[in-house]
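Before any comments, here is the structure.
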Amino acid sequence: MAKEKKILEIEDLPGIGEVSAAKLKAAGIDSLDKIATMPYAELAETAGITPDAAKKAVQAAQESTTINYETGSAVFERRMTIDKVSTGSADLNEMIGGGVEAGAITEAYGKFASGKTQLGFQLCVNAQRPKSEGGMDGSVLFIDTEATFRPERIKEIAKAAGMDPEKVLDSIYYVRAQNTDQQILTIERADKLIEEKGIKLIVVDSMMALFRAEFVGRGALGERQGKLNMHIHKLQSLAEKHNLAVYLTNQVMDNPGILFGDPTTPIGGNIMAHAATTRLYMRKSKEEKRIVRLIDSPSMPEGECVIKITRDGIKG
Ligand code: GTP
Ligand code: MG
């Protein structure tokens, strides 16, 4: 009987051939540790293999790596000191557990004019407030993929918050990304800026617009998801390493496959779905009102609340 091969590299995993290994590496997944902690569906999508094969590969990766244990109390201690940025709405803050959390990714998706960008502007202002006032005492990196950044709106919101509008704008580092390579590179190279400028919030508005425009058709989907996965992993690791908050906006498509309920689905597939720690679905209501639904959160129950988009920012 042939001796079982020792698993040392990702190519040694069952079901991962040369082609899938290349796809994974292109997506920045280059170690057994990374595969051991991947959701099955995400691995299947990135490597272009069946969910069943993905499950076997993840399990084999887990068996071949060592596990670092930490006590529950240690994790609790750490979580108690996590910074949170206020959204401007007490109800929304409460629904998501106190505000937009550092060390994690928060995603807001919804149709046009649902308020995703406006919430991003409010967070840009609030992140600069002192910690005792619902802020993070930090600056902001804003990646704009749709040319909808409006400094004049931010000035209005800052003024209403009793802050110096010029100073607030001076602490926002803005990049207009024209293609996915530029979007990805901005994040790949962000470490230095984060450290030098004390960035505590990264906004990507919108996360998927350029990916959606560049990778058209079924054939391009695998490549798109691989690139997206790498980009998201980098954002997640920046969030954890620098203890900063990441706020992403996302677009939606109508999903005719859903017969009952709201057929609106965020784009980006499983990779986007797993990326965000907290997922918010925003909907237009009457006049300035917007309904925000908490879709996914590790510690808070699903819920809904109403916010208002006003001249002075997010309220309610
Ligand atoms: P897309 O990027 O197109 O997908 O939409 P979005 O979800 O980012 O929408 P956005 O956050 O840009 O919200 C736009 C809405 O905010 C519109 O309904 C505007 O009327 C409203 N809005 C923008 N500025 C103001 C303002 O100064 N006062 C009030 N009351 N509403 C505003
Ligand atoms: Mg927008």
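Suppose we filter region 191-209 for residues that are outside any helix (DSSP H, G or I) and open to solvent by 20 Å² or more (accessible area, probe 1.4 Å); how many remain?
Initially, region 191-209 is screened for residues outside any helix (DSSP H, G or I), giving 198-208.
With open to solvent by 20 Å² or more (accessible area, probe 1.4 Å) added as a condition, the list becomes 198, 200.
Summing the residues that are outside any helix (DSSP H, G or I) and open to solvent by 20 Å² or more (accessible area, probe 1.4 Å) in region 191-209 gives 2.
Of all residues being part of a loop (DSSP other than H, G, I, E, B) and under 14 Å from Thr249 (Cβ atoms) in region 264-291, which is nearest to ligand 1 (Cβ to nearest atom)? Just the residue, please. Full working, then the answer.
Filtering region 264-291 down to residues part of a loop (DSSP other than H, G, I, E, B) leaves 267-268, 276-277, 285-288.
Applying the additional criterion that residues be under 14 Å from Thr249 (Cβ atoms) yields 267-268, 276.
On the way: Ile267: 12, Gly268: 14, Ala276: 16 Å.
Per the criteria, the residue is Ile267.
Name every residue in region 17-37 that is open to solvent by less than 10 Å² (accessible area, probe 1.4 Å) and in contact with a helix residue (DSSP H, G or I) (Cβ under 6 Å, 6 or more places away or on another chain), in order of residue number.
If we filter region 17-37 for residues that are open to solvent by less than 10 Å² (accessible area, probe 1.4 Å), which is where we start, we get 21, 24, 27, 29, 35.
Across region 17-37, the qualifying residues are Ala21, Leu24, Ala27, Ile35.
Based on this model, can you work out whether Glu188 counts as more than 16 Å from ligand 2 (Cβ to nearest atom), surrounded by fewer than 16 Cβ atoms within 10 Å (Cβ to Cβ) and acidic (Asp, Glu)? It would help to see each step written out before you state the result.
Working: more than 16 Å from ligand 2 (Cβ to nearest atom): yes; surrounded by fewer than 16 Cβ atoms within 10 Å (Cβ to Cβ): yes; acidic (Asp, Glu): yes.
Against the criterion (more than 16 Å from ligand 2 (Cβ to nearest atom), surrounded by fewer than 16 Cβ atoms within 10 Å (Cβ to Cβ) and acidic (Asp, Glu)), Glu188 qualifies.
What are the residues in region 110-147 that are in a loop (DSSP other than H, G, I, E, B) and within 12 Å of ligand 1 (Cβ to nearest atom), if any? Don't jump to the end; show me each part of the working.
Applying the first criterion (in a loop (DSSP other than H, G, I, E, B)) to region 110-147 yields 111-115, 127-130, 134-138, 145-147.
Within region 110-147, Lys111, Phe112, Ala113, Ser114, Gly115, Thr145, Glu146, Ala147 meet the criteria.
Inspect region 49-60 for any residue being in a loop (DSSP other than H, G, I, E, B), touching a Ser or Thr at 6+ places or on another chain (Cβ under 6 Å) and not assigned by TED's automatic domain parsing to the domain that holds Gln128 and give the result as yes or no. Steps first, please.
Within region 49-60, the first condition is being in a loop (DSSP other than H, G, I, E, B), and the residues that meet it are 49-50.
Next, only the ones that are touching a Ser or Thr at 6+ places or on another chain (Cβ under 6 Å) stay: 49.
In the following step, the residues that additionally are not assigned by TED's automatic domain parsing to the domain that holds Gln128 were identified as 49.
Yes, some residue in region 49-60 is in a loop (DSSP other than H, G, I, E, B), touching a Ser or Thr at 6+ places or on another chain (Cβ under 6 Å) and not assigned by TED's automatic domain parsing to the domain that holds Gln128.
Quick one: would you say Ala104 is within 30 Å of Asp262 (Cβ to Cβ) and open to solvent by 50 Å² or more (accessible area, probe 1.4 Å)? Even if it seems obvious, please write down each step before you answer.
On the way: within 30 Å of Asp262 (Cβ to Cβ): yes; open to solvent by 50 Å² or more (accessible area, probe 1.4 Å): no.
No: the conditions fail for Ala104.
So that you can scan it fast, the table gives a plain yes or no per residue for (1) buried (at least 18 other Cβ atoms within 10 Å of the Cβ); (2) touching a helix residue (DSSP H, G or I) at 6+ places or on another chain (Cβ under 9 Å); (3) under 18 Å from Thr87 (Cα atoms); (4) without any contact (Cβ under 8 Å) to a residue 60 or more places away in the chain:
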site	(1), (2), (3), (4)
Leu141	yes, yes, yes, no
Phe211	yes, yes, no, yes
Ala220	no, yes, no, yes
Gln225	yes, yes, no, no
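Scan region 71-87 for residues that are open to solvent by 30 Å² or more (accessible area, probe 1.4 Å) and in contact with a helix residue (DSSP H, G or I) (Cβ under 9 Å, 6 or more places away or on another chain) and jot them down.
Within region 71-87, just Lys84 meets the criteria.
Filter region 168-177 for residues that are touching a residue at least 12 places away in the same chain (Cβ under 8 Å) and surrounded by fewer than 15 Cβ atoms within 10 Å (Cβ to Cβ); which is farthest from Gly103 (Cα to Cα)? Give the steps one after another, and end with the answer.
Residues of region 168-177 that are touching a residue at least 12 places away in the same chain (Cβ under 8 Å), as a first pass: 168-169, 171-177.
Still in the list and also surrounded by fewer than 15 Cβ atoms within 10 Å (Cβ to Cβ): 174, 176.
Working: Tyr174: 21, Arg176: 24 Å.
Restricting to residues being touching a residue at least 12 places away in the same chain (Cβ under 8 Å) and surrounded by fewer than 15 Cβ atoms within 10 Å (Cβ to Cβ), the top hit is Arg176.
Looking at Glu107, Glu156, which one is part of a strand (DSSP E or B), among the charged types (D, E, K, R) and assigned by TED's automatic domain parsing to the domain that holds Met300? Reasoning before the result, please.
Details: Glu156 fails: part of a strand (DSSP E or B).
Of the residues listed, the single one that is part of a strand (DSSP E or B), among the charged types (D, E, K, R) and assigned by TED's automatic domain parsing to the domain that holds Met300 is Glu107.
Filter region 292-313 down to the residues that are within 14 Å of ligand 1 (Cβ to nearest atom), touching a helix residue (DSSP H, G or I) at 6+ places or on another chain (Cβ under 7 Å) and not in a loop (DSSP other than H, G, I, E, B) and list them by number.
Val292, Ile307, Ile309, Gly313
The values are calculated or read from the model by the stated rules, or taken from the named source; none is laboratory data. Fair warning: this is a prediction, and the values are worked out from it, not measured in the lab. Every residue, glycine among them, receives a Cβ derived from its backbone with ideal geometry; neighbour counts consider all protein chains shown. Please note that ligands, DNA and RNA were not included when accessible areas were found on the heavy atoms of the full protein model with its side chains. Shrake-Rupley method; radii C 1.70, N 1.55, O 1.52, S 1.80 Å.
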